[in-house]
Amino acid sequence: MSMENNIPKTVDELKKQRKPYQEILKKHKKKVTGLDKLALWITEHVGSMKFFLIIFTWTVFWLGWNMLAPVKLRFDPFPAFVLWLFISNMIQLFLMPLIMVGQNLQSAASDMRSEADYEVNKQAEQEIETILLHLENHQRIMEEILHRLDDQKKAETN
């Protein structure tokens, strides 16, 4: 903080230094494309318990049907489950890069929020230091007044 001769800044000076930190986050949100939003949506939903339960239920049903159903009704024979493996691998191959894109976007947004938080913290630190300087100046002035009153009281008693 650059305060000449320990003279604290005024409240108006501090207010003029404030930056609209929320604008940084709004600008970032405007830069997110439709495909980015889709990747974020997929990342959020694939990483949920609901998605896990859907995949788990689908797997149990698929494997159970192809092991326990009458032989004529089985469409992916036990023990290979070739079709199930193919579909599962395709889901993984498509979801993996999408999740990585979504995580990169989430990371970029998190970095921007962290930067905005850092700027707010720097501003708060400067304001706290200014308040402390004001308090120190007030303390010094009060001590000077007390010394003058003591001196005046001593002069009156003599």
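The values are calculated or read from the model by the stated rules, or taken from the named source; none is laboratory data. It should be emphasised that the depicted structure is a prediction, and the values quoted were computed from it without experimental measurement. Please note: Cβ atoms are built from the backbone with ideal geometry, for glycine as well, and neighbour counts cover all protein chains shown.
For the reader, a short list of remarks on this structure follows.
- Filter result for Glu129 (at pLDDT 90 or above and either out of contact with any strand residue (DSSP E or B) (no Cβ under 8 Å at 6 or more places or on another chain) or in a helix (DSSP H, G or I) (or both)): no
- Filtering Leu135, Leu83 for residues that are farther than 25 Å from Glu13 by Cα and either in a helix (DSSP H, G or I) or in contact with a Lys or Arg (Cβ under 9 Å, 6 or more places away or on another chain) (or both) leaves a single hit, Leu83.
- One residue from Phe94, Phe81, Phe56 being under 29 Å from the mean Cα position of the chain (by Cα) and modelled with pLDDT of 90 or more: Phe94
- Every residue from the stretch 90-149 that is closer than 17 Å to Val32 by Cα and among the hydrophobic types (A, V, I, L, M, F, W, C): Leu98, Ile99, Met100, Val101, Leu105, Ala108, Ala109, Met112
- The residue that is nearest to the chain's Cα centre (by Cα), among those in the stretch 59-78 that are over 30 Å from Ile42 (Cβ atoms) and assigned to a helix (DSSP H, G or I), is Met67.
- First in the stretch 77-93 and under 13 Å from Thr59 (Cα atoms) and without any contact (Cβ under 8 Å) to a residue 60 or more places away in the chain, second anywhere and among the acidic types (Asp, Glu) and surrounded by 10 or more Cβ atoms within 10 Å (Cβ to Cβ), Cβ under 6 Å, 6 or more apart: Leu83/Asp76; Trp84/Asp76
- Residue satisfying all of: in the stretch 112-132; of a type in the set (A, V, I, L, M, F, W, C) and surrounded by 11 or more Cβ atoms within 10 Å (Cβ to Cβ); farthest from Lys9 (Cα to Cα) among these: Met112
- Every residue from the stretch 1-14 that is exposed (fewer than 14 other Cβ atoms within 10 Å of the Cβ), part of a loop (DSSP other than H, G, I, E, B) and at pLDDT below 75: Met1, Ser2, Met3, Ile7
- Search result, residues across the stretch 15-43 that are modelled with pLDDT of 75 or more and surrounded by 13 or more Cβ atoms within 10 Å (Cβ to Cβ): Val32, Asp36, Lys37, Leu38, Ala39, Leu40, Ile42, Thr43
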